[in-house]
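Data block below; observations after.
The values are calculated or read from the model by the stated rules, or taken from the named source; none is laboratory data. Keep in mind the model is a prediction, meaning the values are calculated, not measured. Cβ placement follows ideal geometry from the backbone for every residue including glycine, while neighbour counts extend to all protein chains displayed. In case anyone asks, the SASA skips ligands and DNA or RNA and just uses the protein heavy atoms, side chains included. Shrake-Rupley method; radii C 1.70, N 1.55, O 1.52, S 1.80 Å.
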Amino acid sequence: MRAGDGSAGDANYGVIGPGYARFRRPDPRIATFVHRALGGAETVLNVGAGAGSYEPTDRRVTAVEPSAAMRAQRPPHLPAAVDAVAENLPFPDDAFDAAMATFTIHQWPDLGKGLAEVRRVTRGPIALLTCDPDQLDRFWLHAYAPEAIAVEASRYPAMDRIARALGGKLDTHRVPIPLDCADGFNEAYYGRPEMLLDPAARRACLAWSFVDAAAVARFESKFGRDLVGGIWDRDYGFLRSQPVFEGSLVLVVGTAK
Ligand SMILES: C[S@@+](CC[C@H](N)C(=O)[O-])C[C@H]1O[C@@H](n2cnc3c(N)ncnc32)[C@H](O)[C@@H]1O
């Protein structure tokens with residue numbers, strides 16, 4: 001089922017996509033993890049490519065992105081994206097040296113079919129940047145917005161589900177999140193908590209779009225009060241200067257066939 005602008009996941013990027021690239025810029029330190037995992041690949045498939053975050057520019061990339069609003073946000077130096085979905089990739093078997101998918105597999109309606117398709121068209125490594133749902137409670141946000149964390153926990157596939165879907169040998173690396181992370185996902189604000197009071201920053205983290213208005217209002221009120229009153233700083237203020245945070249962000253790498 002594809003929504004208005006072609007969106008194929010559980011979110012309609014025709015509505016939420018236009019401001020996405022303002023907050024969700026690739027972080028170079030996280031990019032290093034993804035690019036290293038691609039090994040010596042010359043041809044790379046990027047599935048759920050969005051506005052092109054984390055796409056290497058020193059290899060031949062084929063980007064796949066179903067949402068027109070997201071395709072329109074790709075910068076001119078990146079190749080135009082193919083309008084297709086992970087579950088039905090319009091490429092022959094073994095067409096690419098490597099593949100990548102960042103912050104997207106949790107949105108695919110059929111994870112098993114999508115990952116089987118990525119495996120079918122890829123000879124070498126497959127790098128998936130995603131969140132481990134079992135590690136989400138490492139982040140203080142669960143104390144303030146348990147509803148948002150619960151949404152994330154229900155959307156991100158468990159590591160063993162990914163392993164079953166991808167088959168073969170998997171390596172999982174925890175990815176440290178830098179304090180000044182350029183990519184505005186929730187955990188990226190671990191030491192800059194005020195950012196989560198900005199509704200536009202929250203809109204770029206899709207979990208919030210599944211949280212009802214009353215819960216968001218409760219979060220804004222309690223969290224806002226604790227920030228102004230110094231309660232957040234008393235409990236978590238050390239994070240304001242902690243250089244990295246190890247939260248739920250992981251890179252799962254399926255090795256070559
Ligand atoms: C959170 S964005 C991530 C975009 C980009 N990879 C990044 O790291 O910024 C998720 C993307 O996955 C795409 N997507 C959702 N369902 C998909 C599917 N079934 N097949 C391919 N892409 C899908 C969405 O349209 C959206 O652009």
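Nonpolar atom fraction for the stretch 36-115, defined as the carbon and sulfur part of the 1.4 Å probe accessible area, stands at 49 percent.
Loop-resident trypsin sites (Lys or Arg not before Pro) (DSSP state other than H, G, I, E or B) in the stretch 152-189 with no more than 14 further Cβ atoms inside 10 Å of their Cβ: Lys169. The fraction of accessible area contributed by carbon and sulfur in the stretch 211-257 is 60 percent, rounded to a whole number (1.4 Å probe; ligands and nucleic acids excluded).
Can you tell me the length gained on complete extension of the stretch Lys169 to His77, counting 0.36 nm per residue apart and subtracting the Cα distance? Intermediate values should be presented prior to the final figure.
Values: separation 92, 0.36 × 92 = 33.12 nm, distance 3.43 nm.
Computed gain between Lys169 and His77 is 29.7 nm.
On a per residue basis, the chain carries 42 Å² of accessible surface, using protein heavy atoms and a 1.4 Å probe.
Structural descriptor for the chain: relative contact order 22 percent, calculated from alpha carbon pairs under 8 angstrom and at least 6 residues apart. Both radii come from the Cα set of the chain: Rg as radius of gyration, Rh as Kirkwood radius; their ratio Rg/Rh reads 0.96.
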